[in-house]
Amino acid sequence: MGGFSGSLPELGEARRRVRLDLLREHLSAGVEALRARHEEGASGEEFVRVYAAFMRDFLGELWVLADGDARAEGYDIQPVVLMALGGFGRGELHPSSDIDIMITYERQMGPHVQMMAQELLYTLWDLRLQVGHSCRSLTDCLAIARTDFPSRTSMLAASWIAGDRALFRTFRRTLRDNLYRKDFAEFLATTLAERDQRYRKHGGSPYLGEPNVKESAGGLRDLHTAMWLASTKFGTRTLRELEDKGLITPRERRATDEALAFLWRVRNELHFLAGHKNDVLSRSLQVEIARNFGYAADERTLGVGRFMREYYLHARTVHRVSARLIARCQETLSRRRPVLRRLRQKGMAEGFGFYDGQVHLTAPPEKVFAKDPIRLMKVFWHAHQLGYELGVEVARAVEESLPLVDDGFRASPEARDLFFAILRNWGRVTPTLRLMHDLGFLGAYLPEFGELTCLVQLDAYHKYTADQHSLLAVENLEGLAPGQSAESEEQTQRLAELPRPEILILGVLLHDIGKGRGHGHVARGVEMIKGVIERLNLALPDARALTFLVAEHLLLSQVAQRRDLDDPKTIDLLTEVVGDPEWLTMLYLLTWADTKAVGPGVMTPWRAAILRELYLKAHARLTGEPRPEVPKVAVVADRVLSKGQGEVERGTVLQHLEGLSERYRATTSPQRIAAHIRLIEQIMEGEVMGTELFHHPDLGYSDLVVVAHDLQGLFALLTGGLAANGVNILSAQIYTREDGIAIDTFQVNDPSGEVIQDGERWIRIVEDLRDILTGKVSVDELSTRRGRGRGEKAQAVPVKVSIENQVSDSHTVIEIKTQDRLGLLYAITRCLASAGLNIAAAKIATESAQVYDAFYVTDREGRKLTAIEQVERVQQSLEEALRGGL
């Protein structure tokens, strides 16, 4: 500092600023060099190890500087040590991770320790580093480790950075002798409770659509948890030490090393992309990271799909190895309790023992499975019969023995019969299938299912990977039990009536196998199921039923959501495809379980209700129940009068019914007819329109009835007004009397799927509809006023318009598939109105931002669209309007 002429305090401050500038430059250069290595493709392990070592050296230098300053002040020197804790202590540090450190001294904090701590921490804060810090005596360390779980686990990984090495050894010995060796059972219980709480918060499946790389099941914290327990029980600190002690196999150690390196690299990228700590692998970041890591699309999967599949495979490894390590720790506390003598003797003869809720081996694996490979299936059968897990050594032996599951094994009648016995034994099928799948056995036995392993379904609609989705569908089916609801009561009864429920379970498990081969999964699945049928040598009726379930697993869902269930032709066409009441029941149960397995909230009460309605109507037709006749006008009038309590006159009812179609009489309840007549009376007295609401909270929707004088584009105006108010339209039915009075009924709810029960909101909605019909405001103006603009114009979106005359005997059906956007339904219905078409019914379905809308229409004379020129003109008009954004 030559030439400085200020005071000594000023000189000290100047020296501090210069020191900070140099440290900041050194720190920045080091971090940027590491970032460059990461972007060049450095492994996750290389980055976290090198960064941790860099920070360890950096803190060591700061400690030396602080120690020099303290000695210059003349303080009495105390034994003190600086340690790294948590991940930093393990030698793992990510770009935005907290730098967890602890300063420890023997008894009392003297001026020397106080100054060392202040100098170190102030410098770190001035450098804007994220520091987790503490300063404790040995006694304090022991006390807080006894009472605070995070502190205890953090100290388990403590490592020396600088200071008194003898004091560091004393610290570790003190905790080991006074804590870790004395309360393992309690620590185990606390650790597992913390894990369960973490799973509830961040997800208990390694296959989540947007996993937390650190905290979700299969994330880094899973292995941390297992290592805490192993360190406490067995004194191991690394995977290599676990392997050396025989606690994990060499194959498990290698797989875990690879998985950790992958997860570390992903977490590093997440931190760099966010500029701060972020461990959630969101869908948008998945795409960006896949691109940054060089994952390219192949003929079957997009790059992001390949990246996420690799993520799930590694997360599964971490989850599995961690669970086995925890199980080894639990075994040290268990007591062996044999099960029933008969099963015990049978199992002993096959090399199995049963105790502590697990199946174990009583002989070396090569003498059990290699001697008789069918025992690979038998071990799952035993576990299934008893409701037991597989012991760690059995699970490992199964994995090592998977090469024994060859073509001969797959074609074995004995293996097939054992497998079907598992599927037939209701109540524990799903856990057994999951166990088979986790160990790779299910995919080895059914290679078609194995192709779905960790297969990513790239849409916002499916929450889980293809394999987990199928297993969850089986679980949904198996979870049906009496007493849950009227719906489940009926489903349970239908399930119990099936003579071969194992065929249904197999169909549910394999319904999506075609997805492993790319697009067009239904057709691919039909081809693949032939190989399964041939290997299992299924009887012809079972083979035909299984093929049908795979081929038609989308049928009921598509018909329920895209067809008018009140049109007799809908049921006619469906029953022609199905042909058998038993097949229909199996397909109904599969569809329910499949839809429910897509993700939370997908199987809404509305969807469940229309699916059940379709099933019941089709089942009645297949079992020979006569098609209900359309009731005569006089009969319906009598029913209405009996429900109307004198509010309407017979002549008025007769006039109303005679002016409407047979379909109206057949599908409208007497109570609703009476309500319609009351609303029409309001119109006759000069009202612009009449409305009435019928809420169905249990089904998640409401019926909105609107009665008004018909005018060109009435339905389009009403749908536009509802859309402007954020009302979601599920379906609609439109009837028009001969005198020009329209009765439009909308099934609606909030976009969240809830019933709209706010009275004030409905008052505003009805006022808006009235203003639109009277011309006080246009739909576009209202949309802008309500903050719901119609979106970008001229946006190129996929559009598919099909016009069918074979679907209904009385109406032409126009189907539209396109990308969802604001005001889409209004745009479609306005275009149909401009073409001079009357809409009788509409089914609105939205899946993963794709809409599938179907409209039952006629021309102005009530006829189907039969002229080729007319059909082509309507189709071209819709396509141009939708592609142009209207």
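Data table
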| item | result |
| --- | --- |
| Percent of alpha-carbon pairs separated by more than 17 Å within segment 241-337 | 60 percent |
| Heavy-atom accessible area order for 302, 85, largest first, 1.4 Å probe | 302, 85 |
| Note, ³J(HN,Hα) from phi for segment 859-864, Karplus 6.51, -1.76, 1.60, rounded to Hz, x at Gly and Pro | 7, 5, 8, x, 9, 5 |
| Per-selection Rg to Rh, segment 686-738 - Cα, Kirkwood hydrodynamic radius | 0.97 |
| Listed residue pairs exceeding 32 Å between alpha carbons, taken from 245/367; 643/864; 530/864 | 643/864; 530/864 |
| Ranking by accessible area, most exposed first, for 569, 233 with a 1.4 Å probe | 233, 569 |
| Cut-off under 5 Å, modelled amide H: who pairs with residue 852 long-range | 845, 846, 847 |
| Cα pair distances of segment 626-768 binned at 5 Å [whole percent] | 2, 9, 19, 21, 20, 14, 11, 4, 1, 0 |
| Distant alpha-carbon pairs in the chain (separation over 51 angstrom), percent | 37 percent |
| Length released on extending from residue 580 to residue 635, taking residue separation times 0.36 nm less the Cα-Cα span | 16.4 nm |
| Rounded tilt (10° steps) of 521-536 against the dominant C-alpha axis of the chain | 70 degrees |
| Protection proxy ranking of 700-711, 88-99 - average other beta-carbon atoms within 10 Å, highest first | 88-99, 700-711 |
| In sequence order, calculated HN-Hα J values of segment 300-309 (Karplus, 6.51, -1.76, 1.60; Hz; x Gly/Pro) | 10, 9, 5, x, 5, x, 5, 5, 5, 5 |
| Cα shape, segment 746-875, gyration tensor, a/c 1.5 rule | prolate |
| Label-point separation, residue 805 to residue 757 (7 Å along Cα→Cβ), nm | 4.8 nm |
| Helix-only mean residue ellipticity at 222 nm for the chain, each DSSP H run of n ≥ 4 adding -39500 (n - 2.57), per residue, nearest 500 | -18000 deg cm²/dmol |
| Cβ-defined net charge surrounding residue 556, 12 Å radius [Lys, Arg +1; Asp, Glu -1] | +2 |
| On Cα atoms only, tilt of 375-386 relative to the major axis of the chain in degrees | 80 degrees |
| Whole-angstrom Cα spans of segment 586-705 along principal axes, big to small | 51, 36, 22 |
| Amide H within-cut-off set for residue 730, under 5 Å, with H built and near neighbours excluded | 747, 748, 749 |
| Rg(Cα) / (2.2 N^0.38 Å) computed for segment 405-547, rounded to two decimals | 1.05 |
| Enclosed volume per residue, in Å³, of the convex hull spanned by Cα atoms of segment 77-123 | 81 Å³ |
| Area of residue 389 that stays accessible when all protein chains are in place (1.4 Å probe, Å², to 10) | 110 Å² |
| Accessible surface of segment 585-641 [probe 1.4 Å, protein heavy atoms]: carbon and sulfur percent | 57 percent |
| Nitroxide proxy distance, nm - points 7 Å out along Cα→Cβ at residue 283 and residue 331 | 4.3 nm |
| Intensity falloff of segment 705-761 expressed as log10 I(q)/I(0), Debye formula with alpha-carbon point scatterers, at q = 0.21 Å⁻¹ | -0.82 |
| Amide H partners (placed H, <5 Å) of residue 359, local residues excluded | 389, 390, 391 |
| Calculated over segment 494-540: convex hull of Cα atoms, volume per residue (Å³) | 86 Å³ |
| Rounded, prolate or oblate (a/c below 1.5 giving rounded, otherwise prolate when a/b exceeds b/c) for segment 621-682 by Cα gyration tensor | prolate |
| All-pairs alpha carbon distance profile, segment 186-278, 10 Å steps from 0, percent | 15, 39, 37, 9, 0 |
| Greater than 21 Å apart at Cα, pairs in 463/596; 233/277; 817/843 | 233/277 |
| Sulfur and carbon atoms: percent of accessible area, segment 679-718 [1.4 Å] | 50 percent |
| Heavy-atom surface of segment 444-566, accessible at 1.4 Å and reported per residue (Å²) | 36 Å² |
| Potential lengthening between residue 33 and residue 490 on full extension [0.36 nm per residue; Cα-Cα distance subtracted] | 158.0 nm |
| Separation of the residue 238 and residue 190 label points, Cα + 7 Å toward Cβ, nm | 2.8 nm |
| Scattering curve values for segment 827-866, log₁₀ I(q)/I(0), Debye with Cα scatterers, q = 0.31 Å⁻¹ | -1.06 |
| Kirkwood hydrodynamic radius of segment 136-193, Cα pairs, Å | 12.0 Å |
| Under the Karplus curve 6.51 cos²θ - 1.76 cosθ + 1.60, θ = phi - 60°, whole-Hz ³J(HN,Hα) for segment 271-278, x wherever Gly or Pro sits | 5, 5, 5, 7, x, 7, 5, 8 |
| Computed over segment 470-573, Cα set: Rg, Dmax in Å | 15.4, 43 |
| Paired Rg and Dmax values of segment 173-213, which use every Cα atom, in angstrom | 15.0, 44 |
| DSSP-assigned coil residues among chymotrypsin sites (Phe, Trp or Tyr not before Pro) in segment 815-871, each with at most 15 further Cβ atoms within 10 Å | none |
| Under 11 Å, Cβ to Cβ, from residue 44 - net charge with Lys/Arg +1 and Asp/Glu -1 | -3 |
| Extension gain from residue 544 to residue 159, taking 0.36 nm per residue of separation minus the Cα-Cα distance | 132.1 nm |
| Protein-only accessible surface order, largest first, of 695, 112 at 1.4 Å | 695, 112 |
| Dimensionless Rg/Rh of segment 1-153 - Kirkwood Rh, Rg from C-alpha atoms | 1.02 |
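The values are calculated or read from the model by the stated rules, or taken from the named source; none is laboratory data. As the structure is a prediction and not an experimental result, all values here were calculated from the model. For neighbour counting, all protein chains shown are included, and Cβ atoms are generated from backbone atoms with ideal geometry for every residue, glycine included. Calculation scope for accessible area: heavy atoms of the full protein, side chains included, ligands and nucleic acids excluded. Shrake-Rupley method; radii C 1.70, N 1.55, O 1.52, S 1.80 Å.
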